[in-house]
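Only one structure is covered here, and it is reproduced in the block below.
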Amino acid sequence: MAGMYSHLAKGFSEAAQDDAMAVNRRRLNSCSQHFFDSPKKVNGVAAALLRCVMCDGWMPLEWADQYARGFMHANGDPEVVLPGFTR
Ligand SMILES: [Zn+2]
């Protein structure tokens, strides 16, 4: 799994990256409901990773988008978890 994000942690050992992923997973799993602040733009392009304000876990923008879509499919308002969500 670490390899997928190795570009984010250059200079860190694979074990350290695995530890970081495990910590992130625990944070995400412990969260009762994620809230991703509006996607940040860097030079006009949406950031690739979003951080949850509640648990401090992060995930790729595409995952957060699908989380919001799932929230909507469960009759929630996707804007509650991801402001600016595009239906
Ligand atoms: Zn969260």
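Data for the structure
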{"item": "Scan of the range 51-61 for residues that are farther than 16 Å from M21 by Cβ and surrounded by 14 or more Cβ atoms within 10 Å (Cβ to Cβ), ordered by number", "result": "M54, L61"}
{"item": "Residue list for the range 62-84, filter: part of a loop (DSSP other than H, G, I, E, B) and surrounded by fewer than 15 Cβ atoms within 10 Å (Cβ to Cβ)", "result": "A74, N75, G76, D77, P83, G84"}
{"item": "Selection within the range 46-59 - within 14 Å of the ligand (Cβ to nearest atom) and closer than 11 Å to F36 by Cβ", "result": "L49, L50, R51, C52, V53, M54, C55, G57, W58, M59"}
{"item": "Options D37, D19: the member that is acidic (D, E) and either surrounded by fewer than 11 Cβ atoms within 10 Å (Cβ to Cβ) or closer than 22 Å to V80 by Cα (or both)", "result": "D37"}
{"item": "Any hit, the range 34-54, residues being modelled with pLDDT of 95 or more and at positive phi", "result": "no"}
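The values are calculated or read from the model by the stated rules, or taken from the named source; none is laboratory data. What you see is a predicted model; the values in this text were computed from it and never measured. Note: ideal-geometry Cβ built from the backbone for every residue, glycine included; neighbour counts use all protein chains shown.
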